[in-house]
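See below for the structure under consideration.
The values are calculated or read from the model by the stated rules, or taken from the named source; none is laboratory data. Please read all numbers here as calculations on a predicted model, not as lab measurements. In this analysis, Cβ positions are derived from the backbone assuming ideal geometry, glycine residues included, and neighbour counts consider all displayed protein chains. Each accessible area value is taken on the protein alone, full model and side chains, heavy atoms only, with ligands, DNA and RNA left out. Shrake-Rupley method; radii C 1.70, N 1.55, O 1.52, S 1.80 Å.
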Amino acid sequence: MINRKEMLEKRLDAYYKAEMAVLTGQSYQIGTRKLTRADLSEIRKAIEELETEISNADSGGKRKVFRGLPRDL
């Protein structure tokens, strides 16, 4: 069974491949047919989000929260 971190890494790899495809040619035409690839900014946004999720998964998904109590001294 695949765990969440492995799934996120596979998705990230797919986004890296998509980014490279867009960088090597945003659109092209063969005869009367035209293909336009996805928006590069959306791909990069998804990459950043996945990298953050993977980083959080590496740290156990735990975030440090600090609470302070106001005191009148």
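Viscosity 0.890 mPa s, temperature 25 °C: Stokes-Einstein D of the chain from its Kirkwood Cα radius, in µm² per second? The partial results should precede the final answer.
Values: Rh = 15.4 Å.
Value of D from the Cα-based Kirkwood radius: 159 µm²/s.
How big is the charge dipole of the stretch 7-49 about its Cα centre, in debye rounded to the nearest 20, if each Lys and Arg gets +1 on its Cβ and each Asp and Glu gets -1 on its Cβ?
On the way: 8 positive and 7 negative charges, 59 e Å.
Dipole magnitude for the stretch 7-49 comes out near 280 debye.
Within the chain, what whole-number % of the accessible surface is contributed by carbon and sulfur, with the 1.4 Å probe and all protein chains included in the calculation? Write out the running numbers ahead of the final one.
Values: 3460 of 6660 Å².
Here carbon and sulfur together make up 52 percent of the probe-accessible area.
Do the sum for the chain: with -39,500 (n - 2.57) for every DSSP H run of n ≥ 4, divided by all residues, what is the mean residue ellipticity at 222 nm, to the nearest 500 deg cm²/dmol? Mind showing how you got there, number by number?
Working: 2 runs with 40 residues, N = 73.
Here the helix-only value at 222 nm equals -19000 deg cm²/dmol.
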Subject >> For the stretch 9-15, 3J(HN,Hα) per residue [Karplus equation, 6.51 cos²θ - 1.76 cosθ + 1.60, θ = phi - 60°, Hz, x = Gly/Pro] >> reply: 5, 5, 5, 4, 4, 5, 5
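Expressed as a rounded percentage, what relative contact order does the chain have, with Cα pairs under 8 Å and six or more residues apart?
Working: 38 pairs, mean separation 24.7, N = 73.
Computed over the chain, the figure is 34 percent.
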Original post:
Between K34 and R11, how many nm apart are label points set 7 Å from Cα along the C-beta direction?
Top reply: 3.2 nm
Original post:
In a shell of Cβ-Cβ distance under 13 Å around E42, excluding E42 itself, what net charge do Lys and Arg (+1) and Asp and Glu (-1) give?
Top reply: -1
